[in-house]
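The values are calculated or read from the model by the stated rules, or taken from the named source; none is laboratory data. Remember, it's a predicted structure, so these values are computed and weren't measured experimentally. Backbone-built Cβ (ideal geometry, glycine too); neighbour counts: all protein chains shown. Please note that ligands, DNA and RNA were not included when accessible areas were found on the heavy atoms of the full protein model with its side chains. Shrake-Rupley method; radii C 1.70, N 1.55, O 1.52, S 1.80 Å.
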Amino acid sequence: MSWFNYYGLIIMAIIMIPNIIYAAKHKNNENSYRNKTVEILEQIGIYGCFVLMIFNIPYTFFNFWFDNALTVYLSVNGGLCLAYLIFWIICWNRNDKLKALSLSIIPSCIFIFSGIVTANIPLIFFSVIFAVCHIYLSCKNF
């Protein structure tokens, strides 16, 4: 994989499409729990993950580090993306703990797994920040 990760771009598109559609249909969906520090850290984490899933920064990205890693990367992320889409379909009109947890844990797993398999140190860093903050905020807003 070179500096541009086409697979990461596809994964990000799959994750973002239901979020964009949901946001367009539910314009006044506001969070009840407010913690500015955690919200800022979550935003830093997600934007870092977005960029680092698509662009590989030299000397911080060490590529796949075991045999058949690309196959594992695509299989696991494909399964996680499919699970994410299924949970979006199941939980579209729900507002419960299943929706809060599934739609925050699955993308967190995608980012962390991608960072580990590609040995992308900054992606691992940002994905951990995102995971902790996003899961925390999702649970609090439920």
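Of all residue pairs spaced 6 or more apart or on separate chains, none has beta-carbon atoms under 7 Å together with a first member in segment 43-59 that is at positive phi and a second member that is surrounded by 18 or more Cβ atoms within 10 Å (Cβ to Cβ).
Write out, first by first residue and then by second, each pair whose Cβ atoms fall under 6 Å of each other, whose residues are 6+ apart or on separate chains, and whose first residue, in segment 15-32, is under 15 Å from S104 (Cβ atoms) and in contact (Cβ under 8 Å) with a residue 12 or more places away in the chain while the second is open to solvent by less than 60 Å² (accessible area, probe 1.4 Å) and assigned to a helix (DSSP H, G or I). If the second residue must be open to solvent by less than 60 Å² (accessible area, probe 1.4 Å) and assigned to a helix (DSSP H, G or I), the pairs left are I15/P107; P18/W88; N31/N141. Condition first: within 14 Å of the chain's Cα centre (by Cα), surrounded by 13 or more Cβ atoms within 10 Å (Cβ to Cβ) and under 23 Å from C81 (Cβ atoms). Can you find one or more residues in segment 20-37 that meet it? Scanning segment 20-37 turns up no residue that is within 14 Å of the chain's Cα centre (by Cα), surrounded by 13 or more Cβ atoms within 10 Å (Cβ to Cβ) and under 23 Å from C81 (Cβ atoms).
Against the numbered list (1) farther than 13 Å from T118 by Cβ; (2) in contact (Cβ under 8 Å) with a residue 60 or more places away in the chain; (3) in contact with a Leu (Cβ under 6 Å, 6 or more places away or on another chain), I106 comes up short only at (2). Of the residues making up segment 114-133, those that are more than 17 Å from N19 (Cβ to Cβ) and of a type in the set (A, V, I, L, M) are I116, V117, A119, I121, L123, I124, V128, I129, V132. Considering (1) farther than 15 Å from I121 by Cα; (2) open to solvent by less than 80 Å² (accessible area, probe 1.4 Å), the lone condition that M53 does not fulfil carries the number (1). Here the condition is being polar (S, T, N, Q) and either open to solvent by less than 20 Å² (accessible area, probe 1.4 Å) or modelled with pLDDT of 95 or more (or both); of T60, T118, it holds for T118 alone. Being β-branched (V, I, T), under 12 Å from the mean Cα position of the chain (by Cα) and under 17 Å from I17 (Cβ atoms) is the filter; apply it to segment 70-113 and report the residue that is surrounded by the fewest Cβ atoms within 10 Å (Cβ to Cβ). Out of the qualifying residues, it is I106.
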